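Participant: Pasting in a structure now, in structure tokens, and then I'll have a few things to ask.
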Amino acid sequence: GMEVTPVRRDFQDTGYWKASVTTDAQGRATLDIPLPDNLTTWTLTVVGVTPDTKVGRARLDTVATKDLLVRPTLPRFLVQGDSVRLGAVVQNNTDRAVDARVTLQTQGFDGKTDPLRVSIPARGKTVVGWEARVGDAPKAGVIMAVEGGGLNDSVAIDIPVSRATTPETVGTAGVVTDAQRAEEVVRLPADA
């Protein structure tokens, strides 16, 4: 069967940081850098300083990508009850057209999430999406996956969900003696 790659879920703004690396006598050092799951161009910047404060700097760009990939286009946050389009751009970085199946798994959403079949041209991209409604959950999550032409990719993203609430403060005052009883009525909205 086809080998399924792990779900991409570790997305970071900074791929790697190391404050100090000691070089050998020739001024060389080797680092193995585990990158996060972002598919992007990473820029490596290295600054070297000798004990007598000679300084040098180098930059290197490296591209992390896949032959077939899914890029979710989702809101950064949601409010309970929102209607939303859970979209994705499916990108084909190969020299041949790919017929693919795009799937969506959700948590915290209501709506049909049937798999979609798409044909992505060589070096091209296709936009897909599903209509959904945010349910009664503190957070929502999606896992989008694409597979076709022997290639695959999948991405998991969590989206915070806030409730549409309005705090209301009411104050009352009065004097109650030992012989009296007092009743305070709290009125709740009809739709609460």
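The values are calculated or read from the model by the stated rules, or taken from the named source; none is laboratory data. Predicted model, so just to flag it, every value in this text is computed and none were measured. Neighbour counts are summed over all protein chains in view; Cβ atoms, including those assigned to glycine, are modelled from backbone coordinates with ideal geometry. What goes into the accessible areas is simple: the full protein's heavy atoms, side chains included, and nothing from ligands, DNA or RNA. Shrake-Rupley method; radii C 1.70, N 1.55, O 1.52, S 1.80 Å.
Participant: If only one of GLY87, GLY111 is in contact with a strand residue (DSSP E or B) (Cβ under 9 Å, 6 or more places away or on another chain), open to solvent by 40 Å² or more (accessible area, probe 1.4 Å) and within 21 Å of VAL134 (Cβ to Cβ), which one is it? Break it down into steps so the answer makes sense when it comes.
Facilitator: Details: GLY87 fails: open to solvent by 40 Å² or more (accessible area, probe 1.4 Å).
Exactly one residue qualifies, and that residue is GLY111.
Here's the yes/no breakdown for (1) closer than 30 Å to ALA122 by Cα; (2) open to solvent by 100 Å² or more (accessible area, probe 1.4 Å); (3) touching a Cys at 6+ places or on another chain (Cβ under 8 Å):
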position: LEU151; (1), (2), (3): yes, no, no
position: ALA156; (1), (2), (3): yes, no, no
position: ILE159; (1), (2), (3): no, no, no
position: ARG163; (1), (2), (3): no, yes, no
position: THR166; (1), (2), (3): no, yes, no
position: ALA173; (1), (2), (3): no, yes, no
position: VAL176; (1), (2), (3): no, no, no
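Participant: Still on this structure: When you go through VAL128, VAL89 one by one, which is the residue that is in contact (Cβ under 8 Å) with a residue 40 or more places away in the chain, within 14 Å of LEU68 (Cβ to Cβ) and either assigned to a loop (DSSP other than H, G, I, E, B) or not charged (D, E, K, R) (or both)? Give the steps one after another, and end with the answer.
Facilitator: Values: VAL89 fails: in contact (Cβ under 8 Å) with a residue 40 or more places away in the chain.
After applying the criteria, what remains is VAL128.
Participant: Please find, among GLY27, GLY1, the residue that is open to solvent by less than 80 Å² (accessible area, probe 1.4 Å), modelled with pLDDT under 95 and either of a type outside the set (A, V, I, L, M, F, W, C) or not in a loop (DSSP other than H, G, I, E, B) (or both).
Facilitator: Details: GLY1 fails: open to solvent by less than 80 Å² (accessible area, probe 1.4 Å).
So the residue among GLY27, GLY1 that is open to solvent by less than 80 Å² (accessible area, probe 1.4 Å), modelled with pLDDT under 95 and either of a type outside the set (A, V, I, L, M, F, W, C) or not in a loop (DSSP other than H, G, I, E, B) (or both) is GLY27.
Participant: Tell me which residues, restricted to region 44-72, are at pLDDT below 95, surrounded by 10 or more Cβ atoms within 10 Å (Cβ to Cβ), of a type in the set (Val, Ile, Thr) and touching a strand residue (DSSP E or B) at 6+ places or on another chain (Cβ under 6 Å).
Facilitator: VAL46, VAL49, THR62
Participant: Under 19 Å from the mean Cα position of the chain (by Cα) and within 22 Å of ALA100 (Cβ to Cβ) - does that describe any residue in region 41-57? Reasoning before the result, please.
Facilitator: The first filter runs over region 41-57 and keeps only residues under 19 Å from the mean Cα position of the chain (by Cα), leaving 41-42.
With within 22 Å of ALA100 (Cβ to Cβ) added as a condition, the list becomes none.
Looking for residues that are under 19 Å from the mean Cα position of the chain (by Cα) and within 22 Å of ALA100 (Cβ to Cβ), one finds none in region 41-57, hence no.
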